[in-house]
Structure formats: structure tokens, C-alpha cells
């Protein structure tokens, strides 16, 4: 008997999958990393109690800590991960909308008539993914933004999202009380999200500088991400442009612009959401790499450094679990948005 | 009225061959030509370097990081300090290794995505479909580079003799399939409802025959589109992690820099020729502090080597897809 609330039924049944998926990831971490790294052989009951201990350790944030340096206790890995969250959030707040809006409109513009002039840049981007098109485009856009930042703010790019000490000396006579300098990194109070804290303290020049720094990273992420997204997105648009309902509407004399940006654009929201869900892990990997490249004290830098050093296995396990949780929840949300946009392709129908 | 002409019936005009009716598109020619250049370089490197193919030849005078030698007639791509090697020689030496790493990874990835995606699409709604979907979605929850490092790291710890490139290639290929399989599944389930599949089923074809004889050739497009994207994931692992290790080292003491590998690296030694490893180190040696000079050649030439190969793969696969669509129309 069909459900009276198909969307709710779909949302709940899809939600029920999440714990099983997380369990599979945990099991993979245990069998793939924890068991091989154990000094003693885990067998029988110890095998299962070891799994329970690992899960408890991960979910309670006991990810270990770097060794004590110069007699000073060092912050634990879980705390480092949490501290990186606000920075990564600010980058995502810029990069995600640029990626999403760019992907949606660029795919619609370039896939509609595959041989039109607007298709050339897209082919340059999509053909190469990280290759020629992206490198050239990223280089040009990033160079322009870099130069603009240096010219306007008399500061250097990199070292996170907060302007450097030199900038503060030039414009503010030093750090204000709400910017904390810990030596290796700067952070803002009370939220640790620079753009929010600057707003709360009414530091408008700082707002412009941190926004520009984040924009540079957001564009870098979006260009790389778009290359991966546009390739399948363009073919979805091209398929849609050849569909029967578009032909029928065209035969009825509906203007081409309305067909394109009205009929097709609305119908393509659902497949685009699904495509976005598929590419979330790729987006995250890109953001992490860009954060590390620009020296942000965010989750990306933490992830790349932890995985590169490989010394703290509990931190690696915790990090992978946290990323999987983030991706699975994001995919769940986008699946629901896709089902809401077009219920026909899902069991919510 | 004259009688009709008698005699032998003239033979019909020869039908143009399939090749003439549907010539390969320009993309395919361009991609194949570019790939042929890479294969030629790889073969010549095998002959030139012989048993020393796996170790970069160091020139001690070029090792200090303050020795900066840019592109010149003798060293057209300049010199990579710390390694003490000519970049053109190093990239040439790395070509056979990179082809041996990248091509099998793409082959395994594509084959798994095609087989599992087709199987799931054909068995839509059944336990096989659910199992493949669940496994793919769960594995796909962790970005490919990170998942690979975890599994490869575990394997490195488990095997006393250590693991090397062959394991890395097989593992990477085996972990990249979820995205491609999901796209193939979607196409396969649509194809499975079409009349030609119904006809094959009515004629008594088995599920395996329907899958391999009828569906697989018709669901190739998503895999052809996905493989160049998956190549980026491989490049990510091979270049980003070595860059970070090098970056950490050079920011602490650039003058004493010695090449080092990141944790769980598949490369057998610190002087192993590989494009991503050269790019990672080249990028950090080229640009170690923000307001310093940028030794562009250390990063640009490794990027071009990788970009050229990626372009060759993308062009060739695009061309194959276009050619196939042309032959069906």
C-alpha cells in the first residue's frame, strides 16, 4: 500500500541507512588500520572489544595529542580539529555558493547548444578537469585577485584568512584585543570565524581584507571543482535540450530563452542536486588542499598534515570518521532536496 | 521498341566501409597522437636509463638549495635543487613509471565501475542493487585520496615486507569505482527497460549475456566521462602529500633540505622519479616564502607533464565516446 506521506517515508528510510554506513566506515577503519597497527594479535573476544574501544575513543574525541614540546602541554588532535572548523566554514561559505551558482548557470549556458561560442570556455574547463583549461583559468583569475589584494590592502596572500601582523601594524597600530596571536597562528574572538568577528567588532577594513582573502581561496576551489562538475552536468543539459517536451514546447512557439531558463532550468534542479551529492567528497578534498596551500588553520590543513605524517593513528581514524559523517549528512540533505525538487526519480514518488 | 539489354548485371557500387562512413573524430586522433608521444618517451626512457630507471641520477654540485639554475640550452627545464637533477631528465625518467601507475589504475577503476554499475542497474531494486549501492555510497563518503591512504597505510603496517607500487595501483583502482558505478547504474537501469533488452530477454538470453553483450556497450559513456576526473584523484595523492612533507621541512630549515617521503608513500625511495612527487617538491622549493622569488620552472614543467597526459586521456576518451555515438546513429 503506497505511503500517504511519500516524502516523509523516503526521508526516514534514507535516514535509517546512515548508521549502517557509518558502521561500515568504522569497521573499515578498524580492520584496515587499527588491527594491523596493534602490537599484539587481536583475536576472539579481544577483536570485538577492540572495535568497541576504538569506536568509543573516536566518538568521545580521544584522538590523542602530539608529544609535549619544551615541557609545554600541546593541544590534543580533537581540539585542533574543532579549532579548525570555523576557518573551514568561512572558506566553504564563499566557495560553495560560487561553485553551486557557477556550476548551475555555466552548465545550463554551455550544455544547451554544445557548439555555440559559449561552449568553448566550458570545453576548455571540462576537457582538462585539472588540466590545461583549469590551470590557465585558475592562473588568470587567481593572479588578478592576488594582485588586487596586494595593491589594495598592502598585504601578502596566504597565512590564513586574517591579514598578517604587518597589515595590522600599518592600519591598526597592532592587534586589537579580539585578535589573538598565539605565535604560529592568529585567531579572532568570540566565534573564531574572522568575517563574523570583524562584523561584531565593526572592523570594516578588516572585513574587506578577510573577505578578499577568502574570495581568492573560494575562486580557486570553485575553478577546480567546476571542472569535475561541469563534465557530467553539461551532458545532462544536452540530453534535456533534446527531450520531447522541449521540442513540443518549441513547436508551440515558446521563446527559446523561456524554454532554456524556465522549462529546462527548473527540471534540471533535481539531477544537479544528485550530481552535487556525488561530488561532495571531491569538493571537500579540493577545499582541504586549497586550505593547506594557503596556510589556513582549518580542517584541511589539519587533515593533510595528519595524513602526511601518519604518526597519530587515532587522529587519522577520528578525522576519517568525522569527514565521512560530514559527507554522509551532506549527501542525505542533497538527496532530500533532489527528491523535493523532482520526486519522480526517487521512491518518494 | 528495342529489346531490353541483356548480359551480366553490373556489380553494385561498393558500400563505403564502416571506417569511411564513420571516421574517427578529431579528438580521438589528437588524443591518440599525444598518448603516442608519451608512450614513445616512456620506451626511450626504458632504453636510455635501463637498470637505473628507478633512481634519479644526482649531480652533487646542484644539491644545495641556494644553487638556482633556470632553463638554459643545456638544461632546458632547469634544475631541481635538493634532488640535484635536471628536470627534463627527471621528468623523462619518470614517464614510464607514471604510465605504469596511471593506466592500470584507470583500467581497474573503469572495469569495476562498468561491471558493478551495469549489474546493479540490471538488477534494479534487488538485493544486488542495494548491496552495490550501499557499499559504493559508504566508500564514497570518504574522499578517495584519504580512503586510499588509510587502506594503503593499514596494508603497509600489516605486511612485514612492506608494500609498493603494485599494491598501490590495485588498491587505488579498486577504491575509485563508486562514482562511476553510480552513473553507470543510472544509465543501465534506463537501458534495461528498452525494447532491445526486452527482445533479448524474450529470445532467452541469460542475465550475464544481456549485461555483457547488450548493456555494457551502451553504458560506456559515463565511464568515459568519469575516468579523466578520477585521474585528478590519483594526481592529488601523488603530489599534495609530498608537497606538504617538503613544505614542512623547508619552512623549518631550507638549507639543509633533503628529499623525504610522506607517511604511507607507495614510492620505494626518496630519489624515485615520479611526476607528482617531483611536482610536490618542485612547488615547495620554487615558492618557499611569500615575498621571495618564484622559481617557476620547478613547478611549471612537472604540471605540464601531468597536464599533457591528462589532456591526452581526456581527448582520447571523448573521441571514443563521440565515435561510438556516431557509429550508432
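The values are calculated or read from the model by the stated rules, or taken from the named source; none is laboratory data. None of the values given here were measured: they were computed from a predicted structure. Note: ideal-geometry Cβ built from the backbone for every residue, glycine included; neighbour counts use all protein chains shown.
Which numbered condition in (1) within 9 Å of chain B (Cβ to nearest Cβ); (2) buried (at least 22 other Cβ atoms within 10 Å of the Cβ); (3) at pLDDT below 90 is the only one that residue A:311 fails?
Result: residue A:311 passes all but (2).
If I ask for residues that are farther than 14 Å from residue B:143 by Cα and touching a residue at least 24 places away in the same chain (Cβ under 8 Å), which ones from region A:330-342 would you list?
A:332, A:334, A:335, A:336, A:337, A:338, A:339, A:340, A:341, A:342
Specify which of the listed residues (B:271, B:171) is at negative phi and touching a helix residue (DSSP H, G or I) at 6+ places or on another chain (Cβ under 8 Å).
Matching residue, one of B:271, B:171: B:171.
For the structure I just gave you, tell me whether residue B:7 is over 22 Å from the mean Cα position of the chain (by Cα), surrounded by fewer than 19 Cβ atoms within 10 Å (Cβ to Cβ), at pLDDT below 85 and not in a helix (DSSP H, G or I).
yes
Yes/no per residue for (1) more than 20 Å from residue B:277 (Cα to Cα); (2) not in a loop (DSSP other than H, G, I, E, B):
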| site | (1), (2) |
| --- | --- |
| B:54 | no, no |
| B:68 | no, no |
| B:72 | yes, no |
| B:77 | no, no |
| B:92 | no, yes |
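Working only within region B:240-263, note down all residues that are modelled with pLDDT under 75, outside any helix (DSSP H, G or I) and buried (at least 18 other Cβ atoms within 10 Å of the Cβ).
Residue satisfying the conditions is B:257 alone.
Got a sec? Which of A:76, A:50, A:71, A:44 is under 19 Å from residue B:154 (Cα atoms), modelled with pLDDT under 90 and either away from chain B (no Cβ under 12 Å) or buried (at least 17 other Cβ atoms within 10 Å of the Cβ) (or both)?
None of the other options fit; the residue is A:50.
Would you kindly identify the helices (runs of 4 or more DSSP H) lying entirely within region A:194-293 that contain at least 2 residues that are within 14 Å of chain B (Cβ to nearest Cβ), free of Cβ contacts under 8 Å to residues at least 60 places away in the same chain and within 30 Å of residue A:332 (Cβ to Cβ)?
Correct list: A:204-241.
In region A:295-306, how many residues are more than 15 Å from the chain's Cα centre (by Cα) and either at pLDDT below 85 or away from every other protein chain (no Cβ under 11 Å) (or both)?
Adding up the residues that qualify gives 2.
Let me spell it out: the conditions are (1) within 14 Å of chain B (Cβ to nearest Cβ); (2) at pLDDT below 85; (3) part of a helix (DSSP H, G or I), and residue A:115 meets all of them except one. Which number is the exception?
(3)
So which of B:153, B:162 ends up being modelled with pLDDT under 85 and more than 11 Å from every other protein chain (Cβ to nearest Cβ)?
Exactly one of B:153, B:162 is modelled with pLDDT under 85 and more than 11 Å from every other protein chain (Cβ to nearest Cβ), namely B:162.
Tell me, please, whether a residue that is part of a loop (DSSP other than H, G, I, E, B) and modelled with pLDDT under 85 can be found in region B:210-230.
no
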